[in-house]
Amino acid sequence: MSKNYIYIFLAFAVIYAIRVLPLTIIRKPIRSRFLRSFLYYVPYVTLAVMTFPAIIYATSVPAAGIAALVVGIAVAWFGGSLITVAGACCAVVFIIELILV
Amino acid sequence: MENKTGRSGLFIQGMRDGVPIGLGYFAVAFSLGIAARDAGLTPFQGMLASALCTASAGEYALFTLIGAGAAYWEVALVTLITNARYFLMSCALSQRISPLMRNYHRFTVGAVVTDEIFGITIARPGKLEPAYNYGAIAVAVPCWSVGTALGIMMGSILPARAVSALSVALYGMFLAIIIPPAKKEGPVALCVAAGFILSYAAAVIPGVSAMSTGTQTILLTVLISAVIAIAFPIKEEPADE
């Protein structure tokens, strides 16, 4: 039981170090053009990698996930806000699963 | 520059953007709580783990290891690997910090660099505003921790239909962050397309798919970003902001 607390604090210590070290060590703008380009692209790549195919596995049927992906891209393309896009994705999944599941 | 109304305005803006995040977190945390319950955690322990770690894949791995009675070094190593992508995210964030920002914010904003909070932080133009992050954190982290505790207490009480629908909220948010810049900038569109295609490939190719998704994420991120950075370096610094 109390061993669980050691596990939890150990995990926290590692995660905290991973997150805070770069913020505290890197104090200056990075000069290297390659590194700046690399860091500029990192967020978009990471988020894309995490979205697909994970969105397909998150729903009960893959078709619902695929539909959410298509609708999400479309709504975001036409300027939908964060909550609009998220809501549209949820609604699509809910409706499709009502029909298919 | 930084007056009180400005800061509270940013805080409220952060809270507003934190709502869809919190909604998605709640659903995911609930299912995470079920995993924590299987590993023998109490609701309080689950809530504590979620409040401190705020990491879905990382916590899932942690609970699995606790359930298996793993060694401490194993927990440390797996935590390091499943969360390594936050290192890259924090590196990217470091470039958005104003030299005028007070030092302690680095320690508090940095503590809650999650995929989603990182996403909305990066989506804002200009320098990082700690108040905005704190607003988002104030909404999202309680949803995440309480969701975990409720998952442990109530198991699978939430109807599968609702979990299924809510769980795509997170991905919808990701799309809202990556699609608008992809529409404007070719190389970003390439980042998104390459990310989709290669992560799908990684999920289905035997051998590669055996790697944890956390490891796949970091390897693909480094690979794709590096190639695109070489092919399409960003324009030289637009002087100092």
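One table, with the values for the structure above:
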{"read-out": "Listed residues B:91, B:57, B:159: farthest to the positive end of the dipole of chain B (Cβ charges)", "value": "B:159"}
{"read-out": "Taking the stretch B:1-115 and dividing mean pair separation by its residue count, relative contact order in percent (alpha carbons under 8 Å, at least six apart)", "value": "21"}
{"read-out": "Cα gyration tensor shape of the protein assembly as shown, rounded if a/c is under 1.5, else prolate or oblate by comparing a/b with b/c", "value": "rounded"}
{"read-out": "B:208, A:71, B:192, A:85 arranged by Cβ crowding within 10 Å, fewest neighbours leading", "value": "B:208, A:71, B:192, A:85"}
{"read-out": "Total charge dipole magnitude, chain A, about the Cα centre, Cβ charges on Lys, Arg, Asp, Glu only, Debye to nearest 20", "value": "800"}
{"read-out": "Area projected by the alpha carbon convex hull of chain A, averaged over all directions, nm²", "value": "10.8"}
{"read-out": "Charged-residue dipole, Cβ positions (Lys, Arg, Asp, Glu), the protein assembly as shown about Cα centre, Debye nearest 20", "value": "660"}
{"read-out": "Positive-pole candidate from A:77, A:2, A:30, dipole of chain A, charges at beta carbon", "value": "A:30"}
{"read-out": "Under-21-angstrom lysine pairs by C-alpha in chain B, whenever the two are 8 or more apart or on separate chains", "value": "5"}
{"read-out": "Extension gain from residue B:16 to residue B:209, taking 0.36 nm per residue of separation minus the Cα-Cα distance", "value": "65.8 nm"}
{"read-out": "Radius ratio Rg over Rh of the stretch B:185-241, counting only Cα atoms, Kirkwood formula for Rh", "value": "1.12"}
{"read-out": "Compactness index (Cα Rg / 2.2 N^0.38 Å), chain B", "value": "1.07"}
{"read-out": "Dmax and Rg, reported as Rg then Dmax, of the stretch B:107-221 (C-alpha, Å)", "value": "17.0, 48"}
{"read-out": "Linear extension gain, residue B:42 paired with residue B:64, 0.36 nm per residue minus alpha-carbon span", "value": "6.5 nm"}
{"read-out": "Length-normalised contact order for the stretch A:59-101 - Cα pairs under 8 Å, 6+ apart - percent", "value": "54"}
{"read-out": "Positive-end residue of B:27, B:111, B:39, charge dipole of chain B with Cβ unit charges", "value": "B:27"}
{"read-out": "Per-pair calculated FRET efficiency, R0 = 45 Å: residue B:160 and residue B:227 via Cβ, rounded to 0.05", "value": "0.65"}
{"read-out": "Most mobile of B:56, B:98, B:145 in a GNM of chain B (Cα contacts under 10 Å)", "value": "B:98"}
{"read-out": "Rounded to the nearest 20 debye, dipole of chain B from Cβ charges on Lys, Arg, Asp, Glu", "value": "380"}
{"read-out": "GNM flexibility winner over chain B from B:43, B:20, B:180 (Cα, springs under 10 Å)", "value": "B:180"}
{"read-out": "Relative contact order [Cα under 8 Å, 6+ residues apart], the stretch B:122-241, whole percent", "value": "17"}
{"read-out": "Estimated vicinal HN-Hα couplings, Hz - the stretch B:191-205 in sequence order (Karplus 6.51, -1.76, 1.60; Gly, Pro = x)", "value": "4, 5, 4, 5, x, 4, 5, 6, 6, 5, 4, 5, 6, 10, 6"}
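None of the figures in this text is laboratory data; all of them are computed from the coordinates on show. Note that the structure is a prediction, hence the values are computed from the model and not measured. All Cβ positions, glycine included, derive from the backbone under ideal geometry; neighbour counts span all protein chains shown.
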